[in-house]
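The values are calculated or read from the model by the stated rules, or taken from the named source; none is laboratory data. The structure displayed is predicted, hence computed values, not measured ones. Cβ placement follows ideal geometry from the backbone for every residue including glycine, while neighbour counts extend to all protein chains displayed. These area figures cover heavy atoms from the full protein model, side chains too; ligands, DNA and RNA do not enter into them. Shrake-Rupley method; radii C 1.70, N 1.55, O 1.52, S 1.80 Å.
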Amino acid sequence: MAKLLCSIILTVQSMILINAQIKPSRVDSLIKAYVAVNKFNGSALIMKSGTIFFEGEYGYQNVSSKQPVTKRSIFPIGSLSKSFTALVILKLAEENKLSVEDPIVRYIPGYPEGDRIRIRHLLTNSGGIYEKFRNPEFYSRLASGRPYSQDEKMAFFRDQPLDFEPGTQFSYSNSGFDLLGIIIENVTGASYADAMYRYIFKPLKMTGSGFDFPNLQNKNKVHPYSFISPSKYTPAGPWNASLTFSSGGLYSTVGDLHKFYDGLKNDKIISKKVFRQAVTPYLGGYGYGWFIDRIGGERVIDHGGNIEGATSYFLMNPELDICIILLNNITSTSLEKIGNTMYRAIRDKPYSLPKPKQEIQLEDSVLQKYTGVFKASEKYQVTVSKQSGQLFIRINDGEQIPFSAEKESVFYTNDADMVLEFIVTDNKVTQLKLIQGLSTKVADKL
């Protein structure tokens with residue numbers, strides 16, 4: 001009896017300890033730490049053991065009108081679209097309309113080297129296909145509003161030589177997932193958007209999800225921003241969904257992505273056997289449209305999305321029935337870290353919180369050596385000047401932005417998501433690396 005009583009007491013104590021360790025307020029405090037350093041503005045949801053463990057909204061859907069983010073807010077999800085694209089391909093394979101072992105030339109006639117590239121190579125980012133974002137012409141078209149045909153989409157990468165023999169290396173490929181979208185269209189006879197609705201959104205009742213965010217007319221649609229702080233915000237133009245296409249053109253809500261997780265967990269779209277195949281790590285730890293990672297020794301399945309003005313992150317551990325969903329309407333490279341930190345928190349594993357950057361004081365003589373004109377191209381020039389013991393930069397003919405020193409050669413600003421790093425060679429400043437949102441430019445000193 002004494003042993004039984006002791007066992008009951010220990011069990012109750014363990015349950016109390018576990019519950020104390022994973023209070024939703026702990027997650028709220030964690031997210032607010034990122035809000036405080038301007039790294040989170042959006043929606044968050046955590047599923048645990050079949051119920052919503054945490055749900056929170058932070059910041060503004062529209063900053064100028066002070067319209068807050070809500071659980072119904074609709075966000076672009078960027079590259080998280082790849083997981084949906086892969087799922088439709090696997091569903092078509094289940095219906096015997098294609099095989100992942102098929103060469104892509106079977107569905108895209110005349111595609112160069114298409115007899116060597118198989119569908120599974122595209123699914124696993126191992127096709128060796130030239131990345132469209134490396135093409136300056138593609139990048140320049142992202143702000144356009146017109147639709148692009150299949151041939152026009154492929155023209156940004158189709159005729160470039162393969163980077164490597166298909167199936168031999170991992171290289172994250174938006175181009176490869178765009179080819180999967182074209183295969184979906186050619187096999188189903190429907191547009192990518194209609195196929196996505198037919199195979200995923202409609203059966204899972206994802207009523208707040210769809211394709212082509214720029215042309216969406218909905219009061220819950222967020223405004224995209226490159227940066228939001230209490231004192232300043234910078235709007236970002238949405239990217240053309242016809243160009244981001246099946247590698248990054250979808251939008252959704254935290255509630256709909258909850259339904260997506262439920263559909264995956266309960267085999268509502270593809271069978272358990274096919275899902276296991278999809279989340280088996282191949283080259284680079286990538287499955288069929290999913291990264292397979294480990295956090296604190298535990299296996300998690302995840303994918304993020306980064307485009308100008310919006311970021312997304314989706315993490316799941318089906319064995320423990322945990323799902324973390326984060327949607328942001330700011331350009332960010334921190335969302336995956338936030339999601340992983342949230343996972344560590346709810347699993348009672350060590351984690352750290354961000355801290356505001358601390359300014360250090362530099363001598364005027366040190367600041368002076370960083371001044372000058374830096375040029376990255378004919379159309380991109382950065383002028384660095386010194387005023388009252390502080391550096392200021394001007395990009396082309398834009399406004400002057402003040403920067404503070406974080407380290408001797410690294411400077412930050414509270415007015416934008418931007419970092420300056422000066423490259424010093426033989427005691428002379430030779431280059432400036434400017435990291436702004438998702439882009440990095442290296443400019444030579446004139």
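For this structure, a couple of remarks:
- Counting protein heavy atoms only, the stretch 155-197 has 43 percent of its accessible area on carbon and sulfur, 1.4 angstrom probe.
- Radius of gyration, Dmax [the stretch 206-251; alpha carbons; angstrom]: 12.3, 36
- In summary, the helical segments of the chain meeting the span-like criteria, namely a full DSSP H run, a Cα extent along the axis of 27 angstrom or more and a mean Kyte-Doolittle hydropathy of at least 0.0, are 2-21.
- When Rg and Dmax are taken over the Cα atoms of the stretch 47-185, they come to 18.7, 54 Å.
- Calculated P(r) tail over 28 Å for the chain, as whole % of Cα pairs: 56 percent
- Length added when fully stretched, A155-K337, from 0.36 nm per residue minus Cα-Cα: 62.0 nm
- About its Cα centre, the chain has a charge dipole of approximately 1140 debye under the convention of +1 per Lys or Arg Cβ and -1 per Asp or Glu Cβ, with nothing else charged.
- The stretch 317-426 - percent of accessible surface contributed by carbon and sulfur, probe 1.4 Å: 43 percent
- Ellipsoid semi-axes in whole angstrom, largest first, where each is sqrt(5λ) of the Cα gyration tensor of the stretch 117-229: 27, 20, 14
- Portion, in percent, of the accessible area of the stretch 35-116 that falls on carbon or sulfur, probe 1.4 Å: 48 percent
- In order along the stretch 116-121, the phi-based Karplus estimate (6.51 cos²θ - 1.76 cosθ + 1.60, θ = phi - 60°) of 3J(HN,Hα) comes to 9, 9, 9, 4, 5, 5 Hz; Gly and Pro are listed as x.
- If the convex hull is drawn through the Cα atoms of the stretch 171-267, its volume per residue in Å³: 152 Å³
- Using bins of 5 Å that start at zero, the share of Cα-Cα pairs per bin across the stretch 82-158 amounts to 3, 13, 20, 23, 20, 13, 6, 1, in whole %.
- For the set K23/K273; K221/K433; K82/K273; K39/K232; K23/K268, the pairs lying more than 23 angstrom apart at their alpha carbons are K23/K273; K221/K433; K23/K268.
- Relative contact order of the chain: 17 percent, from C-alpha pairs under 8 Å at least 6 residues apart in sequence.
- Å² of accessible area per residue within the chain, as computed with a 1.4 Å probe and no ligands counted: 46 Å²
- Lys/Arg +1, Asp/Glu -1 at C-beta; the chain dipole; positive extreme among G128, L391, L98: L98
- Scaling the Cα radius of gyration of the stretch 241-400 by the globular reference 2.2 N^0.38 Å produces a ratio of 1.45.
- Kirkwood Rh (inverse of mean 1/r, distinct Cα pairs), the stretch 396-437, angstrom: 11.2 Å
- 222 nm mean residue ellipticity, helices alone, for the chain (DSSP H n ≥ 4; -39,500 (n - 2.57); rounded to 500): -8500 deg cm²/dmol
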